[in-house]
Structures are given as C-alpha cells and as structure tokens.
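Engineer: For reference, the structure I am asking about is given below.
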C-alpha cells in the first residue's frame, strides 16, 4: 500500500485498521486452473468489487512483450488474463482496456501472435493498446507528474492508463538479467512511454513509478503459476522452456498473489519463490524507502496483512504456518513437474527444448507475401485497364462501321472531307 | 458535324489511353501502398515485392550480361518484348508508369502548343540517338557492373522515386532517411522538368529502356496507315508527342511511335488509321500526280516494301565509333568506382562481399522500403560517392531482426540478388563494441544493461555490473545500439573488417 510520506510512521496502523488484508496469497495444485487460483486470491482480498466499481474504466496490464508461447513463464498466461478480464467485466466495469508497451524485439504484432494474448483480446473483443516502436503515434502517450518521485518528477505513460479509473498490474514472477528478479514493481514499467530511459537509474526509477501518481496501480496481481527461476550462466527474462521441458528453469508453483502493496508482494515472492531476502533486491529496497510499501513479510504475516489461502478450502490458513514458510525459504522448493496434468494439446505449440543462440523457436510470420492478398484489390485497376483497351477497340470499330456498306474505303473520307471543307468555307 | 465527330473520337481515344495508363499506374503503386498505410496509421504489417521490376527487359538483359543468372527472370521480359513486336512501343505510351507521370505533368506546360508546331523534322533534325548510346553503355557496363543500368533504367527510377516520395512525404524520423532517397528522386524530378522543355523529352532522347524496345518495335505488326486522302496538312506531326512521323506524313518511325493515337484524332480528313499490316518495313511511294479533287493537295501513292530502314544498315562510321565510345564509358564505370577510398559500411544481412555488392546493387531501394525495423537506410555520402543510394544498416534507427521476426525481406525483394539468403546461424553483419567512456555501466556504475536485455544472441554478457561483448556470438544485429539510453548510443556496431579493440 502506498503511503504519503508524512503518514509513513503510521502506515502500519492505517493498513491494519482500514484494510484487514493487503496481500492475499492463493496456493493451488496442478489440478486447479489459473482462474480458480485467481478467484481464491481475489476472494481472500475481499473480492474484485473492492477495487472495481460499476461503470469504471479499468486498465489491465499483462506482460505481453515476449514472443514466447504460453506456459513458458515469459508472458502472462492467456487463460489467466481471460480470467481476470471476465472477473472485472462481471464486476460491472464500464470499459476494460488491456495494454502493455511491447518494447522488446520483435515488436507487438509478433509477440502477441506467439504468446497468445493477441488472439485472446481479439476473441474477447476487448479494447487493447499495445504500442511498440512503430505502431504508436505520439498521441498514444501522455506525460504525468510523479509528485513523490525522488529520481524522476515526470514520466511519459500510456494515455489510456493514466485516464483509467482503476489500473490492475498483472505481473509474472521470473528472473531478470538486470534487476535479478522481476515481479510487480518492475512490471509497472510496461505503462511507460520509454522504458529504456528508466534504465539510466533503474532501481530508483522503478521505485518512483510506484509512488502515488496518476499511473499508480490499485491492484497488483502476481502470477506465479509457473515461475522462471535462476539457472545457468545468467538469468533470462524469457525463453522457450516450460516446466515440462526444463523444470530447472521454469518451476511450477500454482500460486497467485493479489494485493494492494507491490513491495510486500515482491518481498513475499523473493522469500518464497527465489529464496533470497527482499533487502537483496535494490529496487525493492528503494521502493520501500520511497514509501511505496512494506518490506517486512514476517510482521505482515503476523498482523494478517498477508494471508494465505488454499484453493478449495473455505477458511483462511492460520498465521501459524508463517514461520515454517520463512524457514523453508533458505532452500528453494523443488520444482514440481506436472507431466501428467497438462494435456498434449497444450504442449503441441511448444518447443522441445531451448534452441541455438538466438533462441527463436517459432517461424517468423513477417514475410513478403506472394501478392495473393493484393490480387483482389488489383482487380480494380485491372478492370480500368481492360475498360480502356475495350474503349479504344470499340472506337476503332465504330469508326469503321460506316465504311462497310459503301464497299470502297475512300468514299466516306471524301464525304467527310467535303463537309469539312464546307465548314471551313 | 464532321468536326464534332472528330473531336468526340479523339476524346474517347484519349480517355481510353488515360484509363489504361491510370490502371497500370495504380497497379504498380499497389504493392507500395502498405508502406503508406503503415506510416500513416502507425501499423506494422506485410510488405510486397514490386510488380514492376520483374517485367523489366533491360534489367533482365543486364542480369544476363552480368552473369547474374540466379536473379534472371526471363518470362515476363520476353513477354514484354513480344508485345513490343506486335504492338510496337505501346509499353511506353500506355503502360510505363514514368511515361504516365510525364503525361500527367504535360498539360501544365501551357506554352507547348507553339513549340510543338515546329517539330524537329521540319528543321531537318531527328530524335536524338543518345538513347542508343546510353543503352550500349548500360549494357556494356553490365558486363562488369550493373550500377549504371540501375541509374538510368526508367522502371527503377520510378520505383525509387515512389519509395522516396512516400518516405519523404510521410514523415521520416531522421534526416538520414531522407539523404539517399531524396538524391535519387532528383533524377525523377529532373525528368519531369525536362518534360516542360519538350514533350516526352526523356523518352525521345535518353531512355535506354525505350531504346531497347525500339530495337524490336521497328518491326511492329500494328501499323499506322495513312490513306490517299491525306492533304499533307502536317497536323498529325504537330500532335505527335514522340515526333515519330517522318518527312512524308505517310511514313512513321516505329522505333519512336508509342501508338498513343493522337495523330489519328488530329487528322482532319480522317485518313489516319491503325491496323495490322506489314507496313513497318514499307515506305510511302507517291505516284506523282496530285489528285484531281479541287483545292486540296492530294497525292496518290502506295506503300512499298523497303529494305532501307532495316536496323544496322544506316549505321555510319561515326555512329559506330560513338557506340564504341559508349561501350568503353560503360565498362569504365566499375574501375572508377573502385578507385575511390570508401569507409566500409554495414550492409544488409547476407549482402555480397563489398566489392561485388557495389557492382551488383542497382539502388532500386526495395530492401529499404520493406525493412520491417526501418534499420536499412539509403546512404547519401556516408559511404562515398559510389555508394550513394545503396542500403546500409543504421542500427541506431533499427536493428536487423532476421530470424527473430523477419524472414529476410530484403533478400526476397532484391531483383539482382545482391542480398543472398542467409540463415540466422550464418548471420554476421558486424560486431558490437562498447564505448566504455560513455557507457552508463562502465562510466558511472549504473545498472543499465539495456543492451543485455535487447540482445537476442546472448552476446552481451553482464559481468560484475559491466557489459562485455562475446565477439564470437555477436552477429551485429544492432538491437543493443538502437536501445541504448545514452544519447548517440554507447554501443556501436562496426563492420567485421573494421573492428579494432
């Protein structure tokens, strides 16, 4: 929960008094669908109605920037996104806009085609804004003030996000090559006009964009159904691996964390998914220092600001479990391969393993077409051409027609000529 | 009454020709439209190869002479030559998009009526033979390099100008994008300016494509026939935009006639008609006596087959030497090009070795049009005089996404195969190099590493907060350079032979 600086000393009291739960963690099993786990988390938080009032405009920001298939923990799972969209619509939202700045190669079209989100928004008929390098006119963005920003005082963001009443941040828990791990805080960069520019002062920048402003998200949801965990030489933000093909890279955790405090969500994720202390992540520390939220997971668990829920279990888990969770974090939980539960149809589109350097496991669609789709349009000029040729031929024929009955070709000429001369005379 | 009928016939003729010309113009511009759409609507999407260049007989001949067999397209150019054999240079009058644009510009030259009234033949001059010399130079030069051919081929000029016009009109982001493109659209504009000097000036005097077609079209099967009703009023000669009507109004130079039908509608006695007949090798032989029909000066006569206008027979010693000179000039283009010391640029993926690329690229700039990241740009003077207009990769504007999101569009559209198909594994455009004095990570210890995130090849490696480049993995795609937050970029891609660390 974001707190105004002068309220900072009292923040815990306010949090406890105003909202009993600021973060709800829902854990399921491999049998539970993403939608079920999501609903459990939202119910634990007090329902989506707490955030979305009827008629409001809701901006949902999934991770749509990576061109890797679903279930690789690279981008948001389309099923998961569909679940949140339908939930928000059921709560009576006036407009739902899905948006993400696709700043990573190969750009929005290709990324959306491969990660399945493009098809999803098309199927659901949802408004969407997916700017990338080319498809975004300047009017896509607007500049907002960050009154509490310490490194940045203003920021260009997607206009639809700044104008929305409610912003829902739909992050994926995974490793990152610059900030080590990326969860809710880092994911907010997808609202920005130029995410690359934030890199000049990345940690403070990430903290700044989560301070209270026109782009602050009201609800953060961390998707940890599949988590990309550190493996190999250096961490990757995305890749073709799945929890089936490379369980040492992608771990199946079946967890969804929803909440209003991104720092607390990220801190919980650090401990439980990646086995590090939240203070080790500089951007988390900076965000905490900027007053974006609380880092102390243990205290939050103690006073029920973080509550754990099991999918299917009606009652919340008692805080007594907390200690065990924290102790277990020193050794990361073993990944849970789920070969049994995933139907083969879901695997068909996935690559067998990580491929050569460059790692493209899909066929580029961006090809010079064989002009086939232009041929229909080409019929119009072709018809004009044929019409012109026909007109020329018809003109010739009409000029010859009077000649035929006379038999001799010179007669009509002479007649015409005499008329012509008469006209001149 | 006769007068009104004559005018109406002329109108329908002209309308027919305009319809065909507009139709073909739209047809040839159609594959370029996605570029307009993408720039106006800020969209990405498919591109199409040109529909014009595959029909180019001059280019096909150039590819043949340059032993560029893999790029050789035979069918369509042969079909065009066959059409020229049957229908004369109707390509120039009815199809050629450059000619269409000239005809569109022509009415603006309102003072031309007086100028046309004194055609060249009256002064005893003929259309310039310069276009044949240009043809010889272009085709002779093609033995070594088809650079000159690409410069003077009207279809390439039109393709280039259309791309340049689109790119310049629809807001290019960087001045770089305008340089080479604008330079080449100058040639197009010059042709249009010459149109104000004389109708179809380019076609009459300079066009090598027309010269090539007229080698065939002088045997044209579709002929202009003037009946004995001709009164020698020379109105047809004044109407002819190509100055193709010879001293005697009955005779036509089929190497010039574009079958525009202007003479037919201009004829006051309706004595001119077009039809199939072996008149291409015939001349009008007057029988001597004027016809006994009043005031008009009519002459009886007939067309008689003649061998005197067969090609080659009229070739004088002087013309032969001129041809040899043109051949030598064409052949000299390549050695002169290589005298120049040029900085080595980043070429498109799979481009031929630099010396070959300079000889083969005809600067049609199709690759620049279709590049999905707009990283390919037309060089202006950055790569020297001989590299003007040729594609260079400017990583700051956009990297090469071959294999990532692009299936090498530049190779697919290249009409001369100056860009060879290359797989992602074989790709090597250059090598990135980090400028440690400006890099945020090296210079200021900032954890930036945008280049690491952008790298598709895992060649930018973060080590203790700094970034280093694995030279073996780096292919020089340039995404690191396009993403770098430092003004002017702190990471640069250098050509393979230029990298010195």
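Engineer: Considering segment B:313-349 alone, what residues qualify as being under 30 Å from residue B:409 (Cα atoms) and surrounded by 17 or more Cβ atoms within 10 Å (Cβ to Cβ)?
Structural biologist: B:333, B:334, B:337, B:345, B:346, B:347, B:348, B:349
Engineer: Of all residues in segment B:360-416, count the ones that are surrounded by fewer than 24 Cβ atoms within 10 Å (Cβ to Cβ), touching a helix residue (DSSP H, G or I) at 6+ places or on another chain (Cβ under 7 Å), more than 14 Å from every other protein chain (Cβ to nearest Cβ) and not in a loop (DSSP other than H, G, I, E, B).
Structural biologist: 1
Engineer: With the condition kept exactly as written, say whether any residue in segment A:17-25 is at pLDDT 90 or above, in contact with a helix residue (DSSP H, G or I) (Cβ under 8 Å, 6 or more places away or on another chain) and closer than 23 Å to residue B:483 by Cβ.
Structural biologist: So far as segment A:17-25 goes, no, none of its residues is at pLDDT 90 or above, in contact with a helix residue (DSSP H, G or I) (Cβ under 8 Å, 6 or more places away or on another chain) and closer than 23 Å to residue B:483 by Cβ.
Engineer: Given the structure, is residue B:437 more than 22 Å from residue B:72 (Cα to Cα), touching a helix residue (DSSP H, G or I) at 6+ places or on another chain (Cβ under 7 Å) and at pLDDT below 90?
Structural biologist: Working: more than 22 Å from residue B:72 (Cα to Cα): yes; touching a helix residue (DSSP H, G or I) at 6+ places or on another chain (Cβ under 7 Å): yes; at pLDDT below 90: yes.
So residue B:437 fits the description; yes.
Residue-wise test of (1) within 14 Å of another protein chain (Cβ to nearest Cβ); (2) touching a residue at least 40 places away in the same chain (Cβ under 8 Å); (3) part of a loop (DSSP other than H, G, I, E, B); (4) surrounded by 21 or more Cβ atoms within 10 Å (Cβ to Cβ).
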| residue | (1), (2), (3), (4) |
| --- | --- |
| A:64 | no, yes, yes, yes |
| A:73 | no, yes, yes, yes |
| A:84 | no, yes, no, yes |
| A:89 | no, no, no, no |
| A:101 | yes, yes, yes, yes |
| A:105 | yes, no, yes, yes |
| A:114 | yes, yes, no, yes |
| A:123 | no, no, no, no |
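Engineer: Suppose we filter A:32, A:79 for residues that are on the phi < 0 side of the Ramachandran plot, touching a residue at least 40 places away in the same chain (Cβ under 8 Å), part of a helix (DSSP H, G or I) and surrounded by fewer than 23 Cβ atoms within 10 Å (Cβ to Cβ); which single one remains?
Structural biologist: Criteria check complete, one pass: A:79.
Engineer: What's the number of the condition residue B:356 fails, among (1) surrounded by fewer than 21 Cβ atoms within 10 Å (Cβ to Cβ); (2) under 19 Å from the mean Cα position of the chain (by Cα)?
Structural biologist: (2)
Engineer: For residues that are surrounded by fewer than 21 Cβ atoms within 10 Å (Cβ to Cβ) and more than 19 Å from residue B:365 (Cβ to Cβ), tally how many sit in segment B:45-60.
Structural biologist: Looking only at that region, the number is 1.
Engineer: When you scan segment A:296-305, do you find a residue that is at pLDDT 50 or above, part of a loop (DSSP other than H, G, I, E, B) and closer than 17 Å to residue A:224 by Cβ, even just one?
Structural biologist: no
Engineer: Pick out, from segment B:442-501, the strands (runs of 3 or more DSSP E) lying fully within it that include 2 or more residues that are facing chain A (nearest Cβ under 10 Å) and modelled with pLDDT under 90.
Structural biologist: B:460-463
Engineer: Still on this model: Could you tell me which residue of segment A:125-134 is nearest to the other protein chains (Cβ to nearest Cβ), considering only residues that are modelled with pLDDT of 90 or more and more than 12 Å from the chain's Cα centre (by Cα)?
Structural biologist: A:127
Engineer: I'm trying to understand the selection: among the residues of segment A:193-226, which are touching a strand residue (DSSP E or B) at 6+ places or on another chain (Cβ under 7 Å), closer than 30 Å to residue A:243 by Cβ and within 14 Å of another protein chain (Cβ to nearest Cβ)?
Structural biologist: None - no residue of segment A:193-226 is touching a strand residue (DSSP E or B) at 6+ places or on another chain (Cβ under 7 Å), closer than 30 Å to residue A:243 by Cβ and within 14 Å of another protein chain (Cβ to nearest Cβ), so the list stays empty.
Engineer: Could I ask something else about it? So which residues in segment A:135-148 are within 14 Å of chain B (Cβ to nearest Cβ), part of a loop (DSSP other than H, G, I, E, B) and in contact with a helix residue (DSSP H, G or I) (Cβ under 7 Å, 6 or more places away or on another chain)?
Structural biologist: A:135, the sole residue that qualifies.
The values are calculated or read from the model by the stated rules, or taken from the named source; none is laboratory data. Please read these numbers as outputs of a predicted model, since none were measured by experiment. Note that we place each Cβ from the backbone using ideal geometry, even for glycine, and neighbour counts take in every protein chain shown.
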